[in-house]
Every structure is written in structure tokens, then in C-alpha cells.
Amino acid sequence: MKHNTWIKIASLLMVVALLSSACAAPAAPAAAPAGESAATEAEAAAPAAEDGKKILRVAYGAEIDTLNALTSQNLTDIEITMVDGLIMSDNNNSYVPVLAKEIPTTENGGIVVQDDGTIEMTWNLHEGVKWHDGEEFTSADVCFTLDFIQSEAGQAVYNQTDYMGIIDCQMPDPYTVVFVWDKVFAAYATLFDTILPEHVLAGQDVLTYDAYNRSPLGTGPFKFVEWKPGEYIRVEKNTDYWRGDEYPMIDEIVFSFIPDPNTRVNALKAGEYDLGQILPNQVKEVQDLEGYKVDLVPANSWIIFEFNVATERGQKLFSDPNVRKAIFHAIDREAIVEGLMEGTVQIANSAISPTSPYHNPDVPVYAYDPAQAAQMLDEAGWTPGADGIREKDGERLSFTIINRNSRPERTAIAQAIQAMLKDVGVEVKFEDLENAAWLQRWLSTDWEAIIGGWIIPADPSLTALYACEGSNNFTGFCNPELDAAMIASDEVFDFADRKPLMDEVQLLMAEEGRELPLYYNVLPYVMREDLQGFKGSGTNLGSFWNVYEWSLGE
Amino acid sequence: MGRYAIRRTIQMIPLFIGISIIIFLIIQAAPGGPETTLLATGRFVSPEILAAYRVRLGLDQPIFVQYFRWLGAALTGDLGYSYTSAQPVLTMILERLPATIQLMLSAYLLAAVIALPLGVYSAIHKYSILDYFGTGLSFLGIAMPVFWFGLILQLVFAVQLGWLPSSGRETVGDTGLVDQIKHLILPATVLSLLYIAGWSRYMRTSFLGVINSDYVRTARAKGLRERRVMLVHALKNAAIPVVSIMALDVAGLFSGAVITETIFAWPGIGRLFIQSMYARDYPLLMGIIMMGSILVVVFNLVADILYGWLDPRISFD
């Protein structure tokens, strides 16, 4: 008997090869004749030119979870191309009306305080706006959206609590909505950035209704075409867009998911995409890329070095403001900005970005001055011990920064701060944590110091972050004077009343020396030179806010 | 052999239950829960909303209750819903599976086609230039960080030369086979490198062991041509251990695909795994890891059976 091993091995390899080609088959339907492959290749080289269609290819970061903008935990750039809200925030940190004719204010009569203290807020809606399926958009859709957000399922909406002050939603006619508020909520213009279609979602479990969450129906400039999981989402021009026939000016947008930031840069450099967001320290690599331009969009986001006084040890080390301020003076922010961030960002001295009308430039600045830092620490009673690290009452001036491994640039900053503080006799240690573990630790308030950061809406309210009872104040700091100013600013509607209060908030925070603002973040976008109309916005609603007026080519 | 396979298959059932318990516990023991994704984009969310989120997902229940709920559903084929996308886990896995299998098998074939001849050649021409080259390549393959090698290939072939696409599985709007193959080349090369390194070494060693054995000497003594002795008589037996190692490595390839898929934006299971890991998407993680363990256990069995099938000296009882 001849045992033919050779044939067996060969047949195994054949099986593997067959399986392999079987898996490729689903992506290549209807087996294209061999002669056609040359033609498809030519198309691949210049897809934007295919039948004169203007296609915008976007190298997008992580794949998103759901296309329901209200329940998504990702930024909503993609949804914004398809779904409109009553408002949108622009590149000047201001809110602009979208489906509403204007944003109600006390001045234009849209906001009226009733005798019983409730507030009536009237939104006039555009007429003749059509959903992508041809149904008309009306005030019923707005009240339906509110009903969903206020329902139990609406807990999935991250800012649900902000909507809870609305006690009634009235529809005097199809183009008018009246919200009745139980009290003043200054940030009302941040709400309703998305409106759901009642005729599609009524009676459905919105959270799991795939027909909407995987292919949303909106009133926006683009219509959903296709979502290939892990690959891309494709949207095409809405030919019946309510702003008029001239919009949108691009025929199709493809968002390709490229999670790795280095790959994203390589893909842009290879000319495969027309637009993509990169990291601040990658800007140099693409600065001189032929046919492309770089736009550094100032983000509504600031990076801070902050302490925690919620723990006993934190109290001992950091409750004296002079110790905190001394440490701030020992940190060379210029070196961090120039050296680590390659000069792409701007040093921050307050929480509110200069792009916001609420920014206050007149606050104390913690300039780099190690001599002064040492002197202040001496005066505060912290004197160098045997190992050069300062001590007071048997306690060493030594603390641990928890680093988040998904933010390598922040770890680099922590390392720089470690070296700078060593020069003034302060010891810094590190604990590196995986992303979710870091978040949990941070929420638990059981930590000593972090390099943190926030991104805020165009509205400047900071109450949730810094008030004594603020839902996201995990630092243990509590300043009643600051609370008073912040809460007062949340309870007035008009810019003229609110601006001085927010100025005071920024001043008080800097004087208290609770945290050291390091820099205002930037969002660098690389785009084809002939992409016109891009006006990057650094708010939580992102840079696609005016995508309807973008154009490609001449 | 049939009875052996059936016995081994039945033994897998308690094994899978044991695996699922351990994985379930380990996943939930990792610090940080799915509610932390609510904070991922730097938004501020109140602790009350975070707590309500856990309740909505049933995570406030004791862990054994959660496990038996999962197991009960899983036995009926329901792997639950992803926390992040609210889609059925099984649907999500099946959507991504073809891309992963395509990449894995391409890398597998590529590795086999290069590693096996290289190993044989290195053994026959011991200490030749190509043998040293093979040794060097192996060290390089084992030592080179995958993510770095991937980025370098992108820079050379996509950015500098423009021959191949940098990432992705297809050019949007192009369903041609040529386009697909172009997209496959770089990730498959990166993924196969480690296996080229390993298999060529095994092949070389195994071949060297065989060519000094008696039956090879007998074949030579019969006056057979050297080429025939090497490529028919020696290779046949030398290949047996290598083939079973290759079967075991199928499961290993799956874990290698995690990094490769992320770097090349390949829409497979590996990337889904990374995403679900960061999001602490427990049901999705369970689904993917269970699938991975099934792969390991099944290919262990395949390796054992193949070994006996190829080598009649092995008996199964």
C-alpha cells in the first residue's frame, strides 16, 4: 500500500486556497468578466472623476457605534451630514439656527417669563422642510424628540438631565413649538442638535430600532446610502434639500474608518483621501504635502494639570494654595507647547477658549519661574529633606500622576512635569492605566494628580465641572464664591448679563490656583487644496456643521 | 479514527463551559465598566446617569445571575446585544468574519508557500548563503514589531511608490478582484512574516533530522537520484510535524490578526475585538473570545487528527 502523504498535504493546501477565495467572493458579486478588471483599475486611480461626480473621501478615526446622534457615544460628524437639529454651533463658538428660523431670546420676544416663574420659549420652524422620504418636517417631530429624551430610554442620551427642565411641549401649529421651562436654563441653545422623525420612530424602541440606527432618516444635506461595517459609511446628495437647489455642492461623501493615527497620515500622504483629522504632533509630517493644506482648528478643549484634595493625603499636600501655585510656577508650559506639541497649540490661562466670546484674557498668569517656586515652597514650610525632596511635618512632597494609556501625549507631558518639578524638590511618580481603568479611577476620586482635559459645547457653562456639587467635579475642591458666580451665570439668558459673570468665574479660578491650564487643544485637519468652505469648529458638534456649503474643485 | 474524533468532540462541551466561566469572570474583573464609554469623548456625564446605565444593562445583578442569563441565551444561539451598537453580537461577528478569514488564509498560504521551500532548501544546502538569509529572515520576522513593520510597508509601497493602497479592504465603488488583491498584499505580508520565520525553521530542523535516517540512506543505496530522494522520500516524512504545527498556528494567526487589522484598517474581527475591549462591551467581548477559544480547541483536534492521518504509525486508541 502506498501511503501518499504528498498528495494529502497538497490537497490540504488546496482546501485552504479554496476557502480563501470563497471568502473573497461575497465582496465581488456577479463575477466580473476578466476584461473588465483593467477598467475598474483605472476608476480606482481617480474615483472622484467617475461620471463627473464630486466625491469627498474622508479618512475618519474610529468606527462609530450607532448613527442615532442622540444615543451615540462618538462625535457626530457623520450624522450631521444627514440629520438636522433646531440649532448647530459654528466656527465662532456661537449657535446658529438650522431647522428653526431664529434662536429665541428675550430680545426677539422668543423667551417670555410668565407670572408664575415658568418660561415660555417659542421656536419658529422653517416651512416646507422634507424628511428624506418626502414626509414633511413639523413641530410634532420636535415634541416627539423631546418625549424620547425625557423617557426612560432617554437615559442613553448623555445630556438628558439638561432637557428635564422642560415641563411642556406645545404645538400651536405645524411650524411653531413652545417649550415651557420650570426655571431659567442658560444653556438652552445647546439642546436639540438632532431631531428624530416621528413618522418613522413612533411606537418603536428607539434604542434598538436598527432601521433608524443603522440608516438614519433626516432632513440634512446628504442621504444615507450604505454602511459597510468596519469599512465605510457612504452618503449622497439630497436633491430636495430645504436650503435650495444649490446645496449641497458635493455629490457624495465617503467616511472610511482608519483607527490607527499613523495609518491615517500614511493614507492621506498616499493621496487616497481628501480630508482627515490627524494628531497635533503629526502636523509637521503633512505640512508640505503637495496638493493638500492643513487647518489647525482651535478646539473648545483645554488640557489641565490638576490636583485632588478629596483624599486625606491630597488635603495635606495641596490644600495650601501657595503650594499649588509654587508648583505651577515650576512648570515650563512654553517648553511643553514647543517641545512636545511642536508649537501647534496655544498656552491656556483660563478654561474658556479665546475663540469663545466668553473668554477672559485678564486673569493671573503662572509664569515659569523656578526660583520663585522654590521660595514660595520654603515660605509655605516645605523644606528640602536629606534626599532633596521637600518635607513638612514628616510628609514628603511627593505625589503620583495617573496616566491614561490611550492619551500618549498626556503621558509625555506628565514626564516633562516630573523632570521640571524635580528641580524644585518635588517628587512625581506615575501609575499607568488602561483607558477604562483610568476613567473608573478618576471617577472614584481616589487619585492625587492627573493631566486631564475637557471638551465643552459652545455654551460656556462650567458648573458641572467646577461647582462644589458639580456632577463631574472629582477633585474635592469647593469654592463657594466661585459657585455663586457659576450658578448665577446659568440663570441668566442674555450675553450682556452673562459675560461679566463668566469673566468672574475665570478670574476666580485662576486666583484660586485649583488647576494649571496647560494649553488649548487643536484639531488639525488635512484637506485637498481645492476643498472650499471648510470652517472647522472646535465644539462638541464638530467641523461638519456647514458641510452643505463645502465644495470640491474650482 | 471516527470514534476518536467523536469522543474528543464530546469532551469539548465541558471544556467550553469551563472556558466561558473563566472568561466571563476575567472580563468583568477588569477595572472600569461599560459606563465609562459615556465619558470617552470628554463629555461630562453625571454619576447618576452612569449608575442608571449599569442598571439598564443588568450589571447591578450578582455575577452568577448574569452568567447564567448569558449561558442560557447562548445555548439557544442568542449571544446578546452589543452595549455600544445595540446590534446582536452574532450579527456583528458574522459581518466581520469573512474579512478576517480572507486575511488569515491569505497570510497562511503566503507563509506556507515561502516557508516550506525555504526550509527544505536551507536543510539541503546547510550553511549556504540562502540558508543564512533564511536564518536572518527568521530572526527578523520574530523580532520585528508588527505595527512598525506595517507602517514601514505603507510608507514604501503606498506613499513612496504608490503601487498599493495603504489600508482598507477595497476601494469604494470598485468591486474588482484586482483591487481586492492589492489591498490584501500588505496586511497579508505583515501577518505572514512571523509564520514564515517559524515554519521555515521547523521545516529545516525536521528535514535535517530525516535526511540522516536509515530509509533515506536505503533510498540512496538503491541508486535513486538525489533529487528524488530529497523531494519525495525525505520531504514526505519531514513535513508531518510541520503540518501539525501549521494546524495549531491557525488559532495563533487569529490573535496576530488583531494588530494587523488595526494598522491596516482591515474590517475584521480583530479590530472589533479591540473596540469592544476599550468599550468594555461585555457581550461582544464574550462572543469574540468564545469564538477564538472554539478556534483554538477545534484546531488542536484538527492537528491531532491530521497527524494520525498523515503518519500511519500513530494510532488513536
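Only the coordinates and a few stated rules stand behind these numbers; no lab work does. Treat the numbers as computed from the prediction; the structure is a model and nothing was measured. Here the Cβ is made from the backbone with ideal geometry for all residues, glycine too, and neighbour counts use every protein chain on show.
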Seminar exercise, completed: Sorted by chain and then number, the residues having a modelled amide H within less than 5 Å of the amide H of residue A:226, at least 5 places away or on another chain, are A:234
Exercise. In a solvent-free Debye calculation with one equal scatterer on each Cα, what is log10 I(q)/I(0) for segment B:231-317 at q = 0.22 Å⁻¹, listed in the order of the q values?
Worked result: -0.99
Problem set entry | Cα-Cα separations in segment B:257-300 greater than 11 Å, expressed as whole percent | 63
For this session: Taking 7 Å along the Cα-to-C-beta vector as the label spot, tell me the residue A:293-residue B:65 distance in nanometres, rounded to one decimal.
Result: 6.0
Seminar exercise, completed: Which residues qualify? For residue A:65, with a placed amide H closer than 5 Å and at least 5 residues away or on another chain, they are A:73, A:74
Exercise. At a Förster distance of 56 Å, what's the computed FRET efficiency of residue B:12 paired with residue A:150, Cβ-Cβ distance as r, to 0.05?
Worked result: 0.65
For this session: May I ask you to give the average projected area over all directions of the convex hull of the Cα atoms of segment A:310-465, in nm² rounded to one decimal?
Result: 10.2
Exercise. Karplus couplings for segment B:309-314 from phi (6.51 cos²θ - 1.76 cosθ + 1.60, θ = phi - 60°), rounded to Hz, Gly and Pro as x?
Worked result: 5, 7, 10, x, 6, 7
Exercise. For chain A, rounded, prolate or oblate, judged on the Cα gyration tensor with a ≥ b ≥ c (square roots of eigenvalues), a/c < 1.5 rounded, else prolate if a/b > b/c?
Worked result: oblate
Problem set entry | FRET E, pair residue A:496, residue A:367, Förster distance 30 Å, beta-carbon r, rounded to 0.05 | 0.35
Problem set entry | Tail weight of P(r) past 22 Å, computed on alpha-carbon pairs of segment A:274-372, percent | 48
Exercise. Once every DSSP H run of n ≥ 4 in chain A is given -39500 (n - 2.57) and the sum is divided by its residues, what mean residue ellipticity at 222 nm do you get, rounded to the nearest 500 deg cm²/dmol?
Worked result: -8000 deg cm²/dmol
Exercise. Across the residues of A:146-156, average count of Cβ atoms on other protein chains within 10 Å?
Worked result: 1
Exercise. Kirkwood-based Rg over Rh for segment A:360-404 (C-alpha set), two decimals?
Worked result: 1.11
Exercise. Hull surface divided by four, with the convex hull built on the Cα atoms of chain B: how many nm²?
Worked result: 21.8
Seminar exercise, completed: Amide H contacts under 5 Å for residue A:550, restricted to residues at least 5 apart in sequence or on another chain and with H modeled in the peptide plane, are A:249
Seminar exercise, completed: Computed ³J(HN,Hα) along segment A:532-540: with the Karplus parameters 6.51/-1.76/1.60, θ = phi - 60°, integer Hz and x for glycine or proline, the list is 9, x, 5, 10, x, 10, x, 7, 5
Seminar exercise, completed: Honestly segment A:272-324 on the Cα gyration tensor test (a ≥ b ≥ c root eigenvalues; a/c under 1.5 rounded, otherwise a/b vs b/c for prolate or oblate) is just prolate
For this session: Could you tell me whether segment A:420-462 comes out rounded, prolate or oblate from its Cα gyration tensor? Rule is a ≥ b ≥ c as square roots of the eigenvalues, rounded for a/c under 1.5, then prolate if a/b exceeds b/c, otherwise oblate.
Result: oblate
For this session: Give me A:285, A:102 ranked fewest to most by other Cβ atoms within 10 Å of their Cβ, as a rough exposure proxy.
Result: A:102, A:285
Seminar exercise, completed: Computed from every Cα-Cα pair in segment B:116-236, P(r) in 5 Å bins starting at 0 and rounded to whole percents is 2, 10, 16, 14, 13, 12, 10, 9, 7, 5, 3, 1, 0
For this session: Tell me the chymotrypsin sites (Phe, Trp or Tyr not before Pro) within segment B:257-317 that lie in a loop according to DSSP and have at most 16 other beta-carbon atoms within 10 Å.
Result: B:316
Seminar exercise, completed: Ranked from fewest to most other Cβ atoms within 10 Å of their own Cβ, B:183, B:125, A:199 fall in the order B:125, A:199, B:183
Exercise. Per the Kirkwood formula on distinct C-alpha pairs, the Rh of segment A:129-176 is how many angstrom?
Worked result: 11.9
Problem set entry | Near-label residues of segment A:167-186 by backbone N, under 19 Å of a point 7 Å along Cα→Cβ of residue A:114 | A:167-173, A:176-186
Seminar exercise, completed: Using the Cα gyration tensor of segment B:61-123, the equivalent ellipsoid's semi-axes, largest first and to the nearest Å, work out to 42, 15, 9
Seminar exercise, completed: Once both label points are put 7 Å beyond Cα along the C-beta direction, the residue A:215-residue A:202 separation in nm becomes 2.3
Seminar exercise, completed: Compactness check, segment A:497-554: C-alpha Rg relative to the 2.2 N^0.38 Å globular estimate gives 1.74
Problem set entry | Tail fraction, Cα-Cα pairs, segment B:160-317, threshold 18 Å, whole percent | 71
Seminar exercise, completed: Given a Förster distance of 35 Å, the FRET efficiency implied by the Cβ-Cβ spacing of residue A:434 and residue A:101, rounded to the nearest 0.05, works out to 0.15
Exercise. Can you give the three extents of the C-alpha atoms in segment A:395-554 along their principal axes, from longest to shortest, in whole Å?
Worked result: 66, 40, 30
Exercise. Taking other Cβ within 10 Å of each residue's Cβ, how do B:135, B:76 sort, fewest first?
Worked result: B:76, B:135
Exercise. Tilt of helix B:89-124 relative to the longest C-alpha principal axis of chain B, in degrees (0 to 90, nearest 10)?
Worked result: 20
Exercise. Measuring from centroid to centroid over Cα atoms, what is the spacing of segment A:96-147 and segment A:423-485 in Å?
Worked result: 36
Exercise. Roughly how many nanometres apart are two label points built 7 Å out from the Cα toward the Cβ at residue A:484 and residue A:419?
Worked result: 4.5
Exercise. Taking K and R as +1 and D and E as -1, what net charge do the other residues with C-beta under 9 Å from the C-beta of residue A:546 add up to?
Worked result: -1
